[in-house]
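Trainee: Handing you a structure now.
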């Protein structure tokens with residue numbers, strides 16, 4: 001192998017170019033202005049404690065007939081739901097509206113010390129149920145369509161199993177069902193976590209604690225590589241804004257209500273109780289066989305937080321025969337923000353709902 005010929009003047013030139021590029025990139029980041037969290041027009045139809053229930057306003061330019069059964073989105077407790085509406089050309093909400101769906105979304109807000117004792121029963125049989133009733137009453141229907149995302153999908157499965165009469169169709173997106181598959185690194189980490197000690201010491205679990213846990217699952221990619229390549233993305237204002245939107249969302253992590261966190265880690269991760277039919281919410285056991293409505297299950301083929309096997313485990317666990325799986329060729333976040341996802345996921349959901 002011939003020796004590498006690196007001339008000092010060439011190194012100095014490259015270092016100077018990099019320094020100029022770095023300075024220009026930093027200046028651009030500081031000059032792009034405010035980056036909005038969510039882009040689609042919406043209205044508040046219900047508030048309770050930290051929770052806000054939004055209705056997204058239909059796009060007047062959409063001529064497709066409106067589905068008479070409203071769609072309620074249940075997001076995870078861990079992150080903020082504006083990931084589903086992060087920018088104009090990458091908005092799951094906007095794309096669902098374009099398919100003719102009436103879209104509602106639960107925003108959990110930011111729990112504080114007053115919420116420390118909230119349980120999973122409070123979230124599922126309390127907050128979600130009251131939001132469902134608000135939407136049903138508003139539209140004069142007995143049932144609605146439910147879309148659960150990530151942890152919100154697990155909560156939606158629990159809700160539907162306990163309140164099947166109120167759910168017409170259920171969609172789960174990047175949702176874990178078997179929490180102990182062999183390739184689930186996050187599950188392996190928390191199996192021996194002393195969650196009682198953690199919650200008793202902390203009260204609510206800081207959002208930063210969970211955020212850095214998720215980043216540590218892929219530290220080179222999520223906490224290093226993206227910043228190495230950052231300068232190549234800062235050659236115009238729009239690309240800079242796109243980067244800042246994602247950074248804002250990643251580090252906008254609400255604290256978790258202590259008791260609900262304790263129950264979720266113990267019952268779902270450490271006991272794998274959802275797939276075993278042993279999740280206990282307020283004295284009621286969650287049995288997936290009680291879900292008889294049609295179910296659409298969407299998973300990411302490269303999802304490192306919810307491996308495909310963890311989500312595909314839902315097949316065969318339900319009481320109904322109308323079950324559909326859709327594989328997305330991407331990861332946990334890409335399923336709602338990538339260009340491929342916008343072309344595939346919302347149209348698939350819209351068509352699937354309209355057929356039912």
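The values are calculated or read from the model by the stated rules, or taken from the named source; none is laboratory data. Everything numeric in this text was worked out from a predicted model, so none of it was measured. Here the Cβ is made from the backbone with ideal geometry for all residues, glycine too, and neighbour counts use every protein chain on show.
Trainee: Scan region 156-184 for residues that are assigned to a loop (DSSP other than H, G, I, E, B) and closer than 19 Å to residue 306 by Cβ and jot them down.
Mentor: Residues of region 156-184 that are assigned to a loop (DSSP other than H, G, I, E, B), as a first pass: 163, 174-184.
Across region 156-184, the qualifying residues are 174, 175, 176, 177, 178, 179, 180, 181, 182, 183, 184.
Trainee: Could you please let me know if residue 274 is assigned to a strand (DSSP E or B), touching a residue at least 12 places away in the same chain (Cβ under 8 Å) and touching a helix residue (DSSP H, G or I) at 6+ places or on another chain (Cβ under 8 Å)? Outline the logic, then answer.
Mentor: Values: assigned to a strand (DSSP E or B): no; touching a residue at least 12 places away in the same chain (Cβ under 8 Å): yes; touching a helix residue (DSSP H, G or I) at 6+ places or on another chain (Cβ under 8 Å): yes.
When the stated conditions are applied, residue 274 does not pass them.
Trainee: What is the residue count in region 78-101 for residues that are surrounded by fewer than 24 Cβ atoms within 10 Å (Cβ to Cβ) and either in a strand (DSSP E or B) or at pLDDT 95 or above (or both)?
Mentor: Count: 2.
Trainee: Residue under question is residue 272, and the condition is that it be closer than 21 Å to residue 194 by Cα, exposed (fewer than 15 other Cβ atoms within 10 Å of the Cβ) and modelled with pLDDT of 95 or more; does it hold?
Mentor: no
Trainee: Based on what the data block shows, is residue 128 crowded, with 23+ Cβ neighbours inside 10 Å, more than 28 Å from residue 215 (Cβ to Cβ) and touching a helix residue (DSSP H, G or I) at 6+ places or on another chain (Cβ under 6 Å)? Outline the logic, then answer.
Mentor: On the way: crowded, with 23+ Cβ neighbours inside 10 Å: yes; more than 28 Å from residue 215 (Cβ to Cβ): yes; touching a helix residue (DSSP H, G or I) at 6+ places or on another chain (Cβ under 6 Å): yes.
Spelling it out, residue 128 is indeed crowded, with 23+ Cβ neighbours inside 10 Å, more than 28 Å from residue 215 (Cβ to Cβ) and touching a helix residue (DSSP H, G or I) at 6+ places or on another chain (Cβ under 6 Å).
Trainee: Right, next: Pick out the one residue from 75, 104, 123, 127 that is over 19 Å from residue 345 (Cα atoms) and touching a strand residue (DSSP E or B) at 6+ places or on another chain (Cβ under 7 Å).
Mentor: On the way: 75 fails: over 19 Å from residue 345 (Cα atoms); 104 fails: over 19 Å from residue 345 (Cα atoms); 123 fails: touching a strand residue (DSSP E or B) at 6+ places or on another chain (Cβ under 7 Å).
Answer to the selection: 127.
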